[in-house]
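> Got a structure for you, written out below as structure tokens; questions coming shortly.
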Amino acid sequence: MSLTRQGIGMGGAAAALLALAPGCATVMHGTKQAVAINTVPAGAFVDVDGQRLQTPCAPRLARSKDHTLVVSMPGYRTEKCHVARMPTRAILGNIWAGGLIGMGVDAATGANNKLVPECFELVLVAEPAKPEELTAITVSASDVPGR
């Protein structure tokens, strides 16, 4: 039996489905996004949102806010990387099909955002040795061959 014969009509069925559906972006790509982090050398620690990971890694971060990644490794300079949320065109799908409910859901969950950049390739910079870590070597002329 078709929807038209049941007395609902296609327009009424579509409106009912859209009213019950979550936002377009929530359905299309979710509320979290993986951000790939690679370092040279590998094995650096990445601290983000209370998580501690080791490179290479790809933490799934909430699209609803900006993030700061702290990348560290003994003997190397600590780096801070920023991941920003940027609005996507998913809002156009809500204007066309999702209506105010879909726009509200996507705005509340951050699903209408994309995190940028999506990937970090970091070459860590070695820290110079601290003076207290240096070892003094005394060489006399008698230690040099041929003298």
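The values are calculated or read from the model by the stated rules, or taken from the named source; none is laboratory data. Given the structure is predicted, the values throughout are model-derived calculations rather than measurements. Methodologically, a virtual Cβ is constructed for each residue, glycine included, from the backbone with ideal geometry; neighbour enumeration extends over all protein chains shown.
> Pairs needed: first member in segment 55-78, surrounded by fewer than 14 Cβ atoms within 10 Å (Cβ to Cβ); second member anywhere, in a loop (DSSP other than H, G, I, E, B) and at pLDDT below 95; C-beta distance under 6 Å; at least 6 residues apart or different chains.
Between residues of segment 55-78 that are surrounded by fewer than 14 Cβ atoms within 10 Å (Cβ to Cβ) and residues that are in a loop (DSSP other than H, G, I, E, B) and at pLDDT below 95, the close pairs are Arg77/Glu127.
> Next question, about the same structure. Kindly provide the set of residues from segment 71-88 that are more than 19 Å from the chain's Cα centre (by Cα) and either of a type in the set (Phe, Trp, Tyr) or on the phi < 0 side of the Ramachandran plot (or both), ordered by number.
Those that are more than 19 Å from the chain's Cα centre (by Cα) and either of a type in the set (Phe, Trp, Tyr) or on the phi < 0 side of the Ramachandran plot (or both): Met73, Pro74, Tyr76, Arg77.
> For the structure I just gave you, tell me whether Lys114 is part of a strand (DSSP E or B), at pLDDT below 90 and either of a type outside the set (Ser, Thr, Tyr) or touching a His at 6+ places or on another chain (Cβ under 7 Å) (or both).
yes
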